[in-house]
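Some notes on the structure that comes next.
The values are calculated or read from the model by the stated rules, or taken from the named source; none is laboratory data. If you're wondering where the values come from, they're calculated on a predicted model, not measured in any experiment. Quick reminder, even Gly has a Cβ in these numbers, built from the backbone with ideal geometry, and neighbours come from all protein chains shown. Ligands, DNA and RNA are stripped out before the accessible areas are found, and what is left, the full protein with its side chains, is counted by its heavy atoms. Shrake-Rupley method; radii C 1.70, N 1.55, O 1.52, S 1.80 Å.
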Amino acid sequence: MTVWHEETGSGEPVVLLHSGVADSGMWDPQWKPLGERFRVIRLDFRGHGRTPCVADGPYTDAGDVADLLAALGLRQVGLVGSSYGGRVALELATGHPGLVSRLVLLNAGCGLPPTPDLEAFGTEEDRLIEAGDVGGAVDLNVRTWLGPEADEPVRTRLAAMQRHAFEVQLAADPEPERGRDPIDLTVVTAPTLVVTGGHDLPYFRESGRHLAERLPDATLLELDWAGHLPSLERPDEVTRLLGEFLS
């Protein structure tokens, strides 16, 4: 199976990996500006955006990305991962360290044990989904993952992406078995920019500090204004940040 993807621009390749609450549309603000400087590729993980929720057996999102990049003939890329997409980027960089030239992690998870704040979110989301309240689960995600800088159109757009993902995944019968590839921070050799948000959950701020301390070549950037999805909250500022680091 090939995940849905598109590309724009020319130059050094850069791959954008979306958050689990969104799809590739979260990169709309960065798409054209980055395409003026790089060959930019974005994709939808299975069960998000325009990629269906199907599989012949167990799979991993990092494996899907690796297969896509091989099909495109790309041997080295810059990776930008937001939240869950950041975790996928770390899995890919672990399994294929020579593939990644530069790495940007925006409030990425890295497999640390869940803290009470993340557990509370997961419990409430599960309760709403089990009760059939998809709208309530969507609202919970928008409230949790967008910081105070996000305006109403951004909140509406994120809600639409999350609702679509819920509906596609809940309709899958059976739902595919998605696995996770291992993460070994000691083998991730690419220069890495680790970004955290001052309004994000403590779990992800702790994860960012953990990554910055243990990755061999990492810089930590703490954005005091940001929530969990800074590329949507202050898109122009994050676009500049990405362009500078990826260059």
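Starting from segment 3-75, pick out the trypsin sites (Lys or Arg not before Pro) whose DSSP state is loop and whose Cβ has at most 16 other Cβ atoms within 10 Å.
R37, R50, R75
Could you give the dipole magnitude of segment 1-55 about its Cα centre, charging the beta-carbon of Lys and Arg +1 and that of Asp and Glu -1, in debye to the nearest 20?
It works out to roughly 60 debye.
Quickly work out the E237-to-A171 label distance, labels modelled 7 Å from Cα along the C-beta direction, and quote it in nm with one decimal.
Going from the A171 label point to the E237 one covers 3.8 nm.
Report the FRET efficiency, 1/(1 + (r/R0)^6), for T2 and R143, where r is their Cβ-Cβ distance and R0 is 41 Å, rounded to 0.05.
Taking R0 as 41 Å, the efficiency between T2 and R143 is 0.75.
According to the square roots a ≥ b ≥ c of the eigenvalues of the Cα gyration tensor, what is the shape class of the chain, taking rounded for a/c under 1.5, prolate for a/b larger than b/c otherwise, and oblate for the remainder?
rounded
Residue by residue through segment 15-31, what is 3J(HN,Hα) from phi via Karplus (6.51 cos²θ - 1.76 cosθ + 1.60, θ = phi - 60°)? Round to whole Hz and write x for glycine and proline.
After applying 6.51 cos²θ - 1.76 cosθ + 1.60, I find 10, 9, 10, 7, 5, x, 8, 10, 8, 4, x, 5, 8, 3, x, 8, 4 Hz.
How much accessible area per residue does the chain have, counting only protein heavy atoms and a probe of 1.4 Å, in square angstrom?
Computed with neighbouring chains in place, this is 44 Å² per residue.
With a point put 7 Å past each Cα toward its Cβ, work out how far E152 is from H210 in nm, to one decimal.
So the two model labels end up 3.9 nm from each other.
Rounded to the nearest 5, what % of the DSSP beta bridges within the chain are antiparallel ones?
15 percent
Taking +1 at the Cβ of each Lys and Arg and -1 at the Cβ of each Asp and Glu, which of T60, V14, G135 sits farthest along the dipole of the chain towards its positive end, judged by Cα position relative to the Cα centre?
It is V14.
Can you pull the accessible area of D217 for me, 1.4 Å probe, Å² to the nearest 10?
Number for this one is 80 Å².
Roughly what % of DSSP beta bridges within segment 1-87 run antiparallel, to the nearest 5?
DSSP beta bridges in segment 1-87 are roughly 40 percent antiparallel.
What residues qualify as long-range amide H neighbours of T51, i.e. H under 5 Å apart, gap of 5 or more or another chain, H built at 1.01 Å from N?
Excluding prolines and chain starts, which carry no amide H, the hits are W4.
Give the range of the longest stretch in the chain that excludes all GluC sites (Glu not before Pro) found in loop regions by DSSP and having at most 13 other beta-carbon atoms within 10 Å.
Of all site-free stretches, the longest is 37-176.
Calculate for the chain the 222 nm mean residue ellipticity that helices alone would give, adding -39,500 (n - 2.57) per DSSP H run of length 4 or more and normalising by residue count, nearest 500 deg cm²/dmol.
-13500 deg cm²/dmol
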